[in-house]
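Below is one structure, written out as structure tokens, with a few remarks after it.
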Amino acid sequence: MSEPQSNAQQPLRIKPVLSFWQIFNMCFGFLGIQFGFALQNANVSRIFQTLGASIDEIPILWIAAPLTGLLVQPIIGYMSDNTWGRLGRRRPYFLIGAICTTLAIFVMPHSPVLWVAAGMLWIMDASINIAMEPFRALVGDNLPNRQRALGYAMQSFFIGIGAVVASALPYILTNYFDVANTAPAGEIADSVRYAFYFGGAVLLVAVCWTVLTTKEYSPEQLAEFESNSPITNEQVYSRSWQAYRKAAIIWSVLGLLLTVIVMVNALDKQLYILTIGLFAFGPLQWYCSQRLKQTSNANRHQQGMVFSVVDSLFHMPKAMHQLAFVQFFSWFALFSMWIYTTAAVTDYHYGTQDVLSKAYNDGADWVGMLFASYNGFAALAAILIPLLAMAVGLKLTHLINLFCGGLGLISFYFIQDPSLLWIPMIGVGIAWASILSIPYALLANVLPAGKMGIYMGIFNFFIVIPQLLAASVLGVILNTFFDGKPIFALIMGGSFMLLAGISVLFVSSNAAD
């Protein structure tokens, strides 16, 4: 039976096909990662509100999640591309990330005050990103082109299964094991605490399973495969040090100007996330201009991690450019759903904003079940999406799936009975499974093996940037135009998901063009 080997063997010119169980083992760790991710998504807003956060403060508190992804994923991608040891390239980061995430999950429900919970979210999300990013690259490393779609679909399946159980845990503990879902003011309910304990243990065990049962190809073997592939590490670099310097000045001035406008006009403080982010991109490009000015174009790959990440961003394969808008609109919609569904359902459907009331906590538990349901539907959709893609193609499949999700989110406004809210979650689950698989299937086949990790990390920019934007402007928009009503955040999210579906039409049918 063919499998990746960590030791030197007779060179192979073509990457061998792996068995179902080898792919299963390779992707199983994602079950644990998603367990932690789903507990975070379904319960952190609830924890923040329990510790005293108002609805318009929630987006800024959630800034940890996308910001850590923006910083951590390309760094870990670069590091794992250049790592080789007893555990291979990617697996050391699986293990480190899993251990750190488990510790953060255990501590989070014991946060005594709001700032501690916000800090633990930051640590938790950074650790999840350390483990998660190399999993995407591992599929590209270990599987031949024809099996990559199956590999990403398998990851989506485990994401769905893990999220179903994790999201439903507080509800299950309360309704089937009589664990209290209410607590005194300023304390986290026991149902949430026990769910986090169980989730941390599952995460660590699942990731360790992949670490112990999966082997990786050595750098020499990957180089051998690369020599027989039409996609190589050789690239044409068009961005000069002068171009970097000019852009650095433009970005810095623009960011500084917008920051001053926000300050002078006393605008919402959440807008500083956006303006300071724009400014920060200027010095990064100035650094690249200085590095490039001192060396030849041929030595770009020797300029270190920061230069490599920024320079690779400007020299992405065409497929990444084409998918950027699709990802942007998709993840803006998802972030709107994650941070506002609890507030929207408890306010609009249960009629309360009192976090100590039974109605609020019943509504919050029901949101956990809704999140579990969309992930369950996503697990089923992950099985069916490859069949639909074979029939109508990847582009049309993704468009259909995103429209299902967008219409599902918008329908929250029109469904008055909270017991029926599982129906729109069918569409959300279909869209979620598609977002987690089809863009990566389109992308992986056009990436050079030697930069698989860094490009997968950079691809995460198009996931993180819309989340940063959502955290910056959603609260402002709700307070300015919708009287602070969180249900309208879900309508905005649904509209953005429809835009994502339309954007798919502008992606080249041949992603390798």
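The values are calculated or read from the model by the stated rules, or taken from the named source; none is laboratory data. Quick caveat: nothing in here was measured; it's all calculated off a predicted structure. Cβ placement follows ideal geometry from the backbone for every residue including glycine, while neighbour counts extend to all protein chains displayed. In case anyone asks, the SASA skips ligands and DNA or RNA and just uses the protein heavy atoms, side chains included. Shrake-Rupley method; radii C 1.70, N 1.55, O 1.52, S 1.80 Å.
Entry remark, region 384-395: residues being in contact (Cβ under 8 Å) with a residue 60 or more places away in the chain and open to solvent by 30 Å² or more (accessible area, probe 1.4 Å) number 2 in total.
Entry remark, region 373-383: residues being within 16 Å of Gly408 (Cβ to Cβ), small (Gly, Ala, Ser) and buried (at least 24 other Cβ atoms within 10 Å of the Cβ) number 2 in total. Scanning region 170-183 for residues that are assigned to a loop (DSSP other than H, G, I, E, B) and either within 16 Å of Leu356 (Cα to Cα) or in contact (Cβ under 8 Å) with a residue 12 or more places away in the chain (or both) yields Val179, Ala180, Asn181, Thr182, Ala183. Here Gly186 passes the criteria (1) part of a helix (DSSP H, G or I); (2) open to solvent by 10 Å² or more (accessible area, probe 1.4 Å) except the one numbered (1).
Kindly provide the set of residues from region 62-86 that are hydrophobic (A, V, I, L, M, F, W, C), outside any loop (DSSP other than H, G, I, E, B), modelled with pLDDT under 85 and surrounded by 23 or more Cβ atoms within 10 Å (Cβ to Cβ), ordered by number.
Ala65, the sole residue that qualifies.
The single condition from (1) of a type in the set (A, V, I, L, M, F, W, C); (2) at pLDDT below 90; (3) outside any loop (DSSP other than H, G, I, E, B) that Val107 fails is (2).
It is to be established whether one or more residues within region 156-163 are crowded, with 18+ Cβ neighbours inside 10 Å, assigned to a loop (DSSP other than H, G, I, E, B) and on the phi < 0 side of the Ramachandran plot. Looking through region 156-163, none of the residues is crowded, with 18+ Cβ neighbours inside 10 Å, assigned to a loop (DSSP other than H, G, I, E, B) and on the phi < 0 side of the Ramachandran plot.
For (1) in contact with a Leu (Cβ under 9 Å, 6 or more places away or on another chain); (2) charged (D, E, K, R); (3) farther than 20 Å from Ser45 by Cβ, each residue gets a yes or a no:
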| position | (1), (2), (3) |
| --- | --- |
| Phe371 | no, no, no |
| Ala379 | no, no, yes |
| Leu384 | no, no, yes |
| Leu394 | yes, no, yes |
| Thr397 | yes, no, yes |
| Ile410 | yes, no, yes |
| Phe414 | no, no, yes |
| Leu420 | no, no, yes |
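Looking at the structure I just gave you, is Phe335 assigned to a helix (DSSP H, G or I) and crowded, with 23+ Cβ neighbours inside 10 Å? The answer is yes for Phe335.
Would you be able to say whether some residue in region 221-229 is at pLDDT below 80, more than 20 Å from Gln290 (Cβ to Cβ) and part of a loop (DSSP other than H, G, I, E, B)? Checking region 221-229: at least one residue is at pLDDT below 80, more than 20 Å from Gln290 (Cβ to Cβ) and part of a loop (DSSP other than H, G, I, E, B).
When we screen Ala324, Ala343, Ala359 for residues that are among the aliphatic types (A, V, I, L, M) and free of Cβ contacts under 8 Å to residues at least 40 places away in the same chain, the only hit is Ala359. Of the residues making up region 127-155, those that are of a type outside the set (S, T, N, Q), farther than 26 Å from Val428 by Cα, open to solvent by 10 Å² or more (accessible area, probe 1.4 Å) and in a helix (DSSP H, G or I) are Ile130, Arg146. Within region 26-36, can one find any residue that is over 12 Å from Ala117 (Cα atoms), open to solvent by 30 Å² or more (accessible area, probe 1.4 Å) and in a helix (DSSP H, G or I)? Yes; the residues of region 26-36 include at least one that is over 12 Å from Ala117 (Cα atoms), open to solvent by 30 Å² or more (accessible area, probe 1.4 Å) and in a helix (DSSP H, G or I).
Going through region 401-424 one residue at a time, which ones are part of a loop (DSSP other than H, G, I, E, B) and open to solvent by less than 20 Å² (accessible area, probe 1.4 Å)?
Step one: list which residues in region 401-424 are part of a loop (DSSP other than H, G, I, E, B), which gives 414-417, 421-423.
Leu421, the sole residue that qualifies.
Return yes when Leu402 is among the aliphatic types (A, V, I, L, M) and more than 19 Å from Leu143 (Cβ to Cβ) and no when it is not. In short, yes. Pull up region 338-348, narrow it to residues that are more than 15 Å from Gly408 (Cβ to Cβ) and of a type outside the set (Ser, Thr, Tyr), then point me to the one that is most open to solvent (accessible area, probe 1.4 Å). Per the stated criteria, the residue is Asp347. If the condition is being modelled with pLDDT of 80 or more, among the aliphatic types (A, V, I, L, M) and open to solvent by 10 Å² or more (accessible area, probe 1.4 Å), then region 350-372 contributes Ala359, Met369.
Residues that are surrounded by 19 or more Cβ atoms within 10 Å (Cβ to Cβ) and modelled with pLDDT of 85 or more: does region 173-180 have at least one? Yes, the conditions are met somewhere in region 173-180.
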